[in-house]
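For reference, the structure discussed in these notes is given below.
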Amino acid sequence: MAEQYYSSLQVAKMLNVHNSRLSRAVWEGRIDPPAKSPGKGVFLWTRDDIERASWILRRRDASDILIDSASALEPQAVKPDLSPGRKGQRCVGN
């Protein structure tokens, strides 16, 4: 089975932390930076990288999020905004 890689944004979502918190931890040296992709140079996170980041940022292992990470990363259905907007309303001035 081929190794699966995750983006920093996906890892932040899995760990339930803000992307800037994950990036800052790498920048400050608290988390060892994962390998980078050859093209764009973005981080490619493996399960081991995620496990180490989880211990540092969440103070617990990542077993609860790595069991079924594929379903956690699927796009969520977005409900349309049905609230009345200003479009079509006339603005009456003095």
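The values are calculated or read from the model by the stated rules, or taken from the named source; none is laboratory data. Keep in mind that what you see is a predicted model, and the values were worked out from it rather than measured. Here Cβ is always computed from backbone atoms with ideal geometry, including for glycine, and neighbour counts include all displayed protein chains.
Does the range 6-19 contain at least one residue that is assigned to a loop (DSSP other than H, G, I, E, B) and at pLDDT below 70?
no
Considering only residues that are assigned to a helix (DSSP H, G or I) and either of a type in the set (Lys, Arg) or buried (at least 17 other Cβ atoms within 10 Å of the Cβ) (or both), which ones fall in the range 36-59?
Result: ARG47, ASP49, ILE50, ARG52, ALA53, SER54, LEU57, ARG58.
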